[in-house]
Each structure stands twice: as structure tokens, then as C-alpha cells.
1. Looking at D82, D50, which is the one that is acidic (D, E) and either closer than 27 Å to R131 by Cβ or modelled with pLDDT of 90 or more (or both)?
2. Which members of segment 84-140 meet the condition of being hydrophobic (A, V, I, L, M, F, W, C), more than 17 Å from N39 (Cβ to Cβ) and more than 19 Å from the chain's Cα centre (by Cα)?
3. Considering only residues that are in a strand (DSSP E or B) and crowded, with 17+ Cβ neighbours inside 10 Å, look in segment 139-153 and name the one that is modelled with the lowest pLDDT.
4. Given the conditions (1) in contact with a strand residue (DSSP E or B) (Cβ under 9 Å, 6 or more places away or on another chain); (2) within 27 Å of N4 (Cα to Cα), which single one is not true for E61?
5. Take the residues in segment 46-66 that are of a type outside the set (A, V, I, L, M, F, W, C) and over 24 Å from S95 (Cβ atoms), then tell me which one is surrounded by the most Cβ atoms within 10 Å (Cβ to Cβ).
6. Within segment 12-25, work out how many residues are farther than 17 Å from G83 by Cα, more than 11 Å from the chain's Cα centre (by Cα) and either modelled with pLDDT of 90 or more or among the small types (G, A, S) (or both).
7. Which members of segment 46-104 meet the condition of being of a type in the set (S, T, Y) and either in contact with a Pro (Cβ under 6 Å, 6 or more places away or on another chain) or over 14 Å from T117 (Cβ atoms) (or both)?
8. Restricting the search to segment 100-132, which residues are at pLDDT below 90 and β-branched (V, I, T)?
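The values are calculated or read from the model by the stated rules, or taken from the named source; none is laboratory data. Everything numeric in this text was worked out from a predicted model, so none of it was measured. Virtual Cβ from ideal backbone geometry, glycine too; neighbours counted across all protein chains shown.
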Amino acid sequence: MSFNTAFLSEYLAHHRCGVAAMMAEDGAPRAARIQFVVNDRLELFFDGYDCPHLLMNVDKEPRIALVVGGCTPGDESCLQYDGVVTRPAAEESESLQQAYFAAIPAGRRRAGAASQTYLLIRPRRLQYIDRNVVPTKFVVFDGGGSGRALNVA
């Protein structure tokens, strides 16, 4: 198995949801389940409709962490994704919204909500962990692209 950007993109596209965590303005942790689509740069696009409490501090503290996968019985793999949240430019948001609506039809129903906001997460560090194999496979990707594999017993 080749652990590269294509593998990570496929993994993220397959799962399409994860638990995201950010820090609130008072320093308290905030977490929410988000649904997303992934582009070829491993950026994640999602809407903030279901998680306004998560995003209250996004302009002051844009760092975010997600865990994707690990919820399917018999599958002991997950991806830990650290990134930075941005608000995409209108043109970029429009094309990403179309991909989002195609993958997550409920997103289209929320599109007209007054409080709707769309966000893009740019990767900083990704760590794939596969406990389905012995020894456990750890693969770290810095900047969402090139990575190095570490075998850990």
C-alpha cells in the first residue's frame, strides 16, 4: 500500500465526516461532528450550520484538529488531521459548494439559512494510524503532501 496524497484523499473521501475540535475564546475546548468534501490539495470544505459553537472563535484562533475514521467495526485505522480554517473566496467557495452538495445532499437544504457559513481547512500535519496490521503503521504527512512512514511495534 502506498501512503501518499492520493491514498489520503481517497481515505478522506470515503469517510466524509469526522470530529473536529477547536479552542473557544475563553480557552475551553469545543468539538463537533462535521461532514466535508476533500479536494486534490487535501483541503476539507464544510458548512458550519450544525456547529456554530465550534466556530465562534475561528477568526481569532483558526487552528483545528479532526479525527476521521476509526468508527467502522473491524477497522482500526484513523486519520488525525491538524489544519487551519479559512473562509474561502466567493469563487472558490462556489465550486467547492457544488462538490459538497453532490456528496452531501443535506447541505443543499441548509444552503439558504441566514446563519450558513462555508469553511475550508488547509492541512498542516496529518497522521494516519493503521492498527489493522502488525506492527502498527504510523505515517506522518507534514503540510499535507510528502510524508515519512514509521513502523511501530
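1. Working: D50 fails: either closer than 27 Å to R131 by Cβ or modelled with pLDDT of 90 or more (or both).
Just a single option satisfies the conditions, and that option is D82.
2. So in segment 84-140, the residues hydrophobic (A, V, I, L, M, F, W, C) come out as 84-85, 89-90, 96, 99, 101-104, 106, 111, 113-114, 119-121, 126, 129, 133-134, 138-140.
Among the residues that remain, those that are also more than 17 Å from N39 (Cβ to Cβ) are: 106, 111, 113-114, 129, 133-134, 138-140.
Residues satisfying the conditions are A111, A113, A114, V133, V134.
3. Looking only at segment 139-153, we keep the residues that are in a strand (DSSP E or B), and these are 139-142, 147-152.
Retained after the next criterion (residues that are crowded, with 17+ Cβ neighbours inside 10 Å): 139, 141, 147.
Working: V139: 86, F141: 86, G147: 49.
Only one residue tops the list, namely G147.
4. In the conditions (1) in contact with a strand residue (DSSP E or B) (Cβ under 9 Å, 6 or more places away or on another chain); (2) within 27 Å of N4 (Cα to Cα), E61 misses (2) alone.
5. Here is the first cut: in segment 46-66, the residues of a type outside the set (A, V, I, L, M, F, W, C) are 47-50, 52-53, 57, 59-63.
This time we only want the ones that are over 24 Å from S95 (Cβ atoms), so: 52-53, 57, 60-61, 63.
On the way: P52: 11, H53: 13, N57: 17, K60: 8, E61: 15, R63: 14.
Going through the qualifying residues, I end up with N57.
6. So the answer is 1.
7. If we filter segment 46-104 for residues that are of a type in the set (S, T, Y), which is where we start, we get 49, 72, 77, 81, 86, 93, 95, 100.
Scanning segment 46-104 gives T72, S77, Y81, S95.
8. I104, T117 - these are the residues of segment 100-132 that are at pLDDT below 90 and β-branched (V, I, T).
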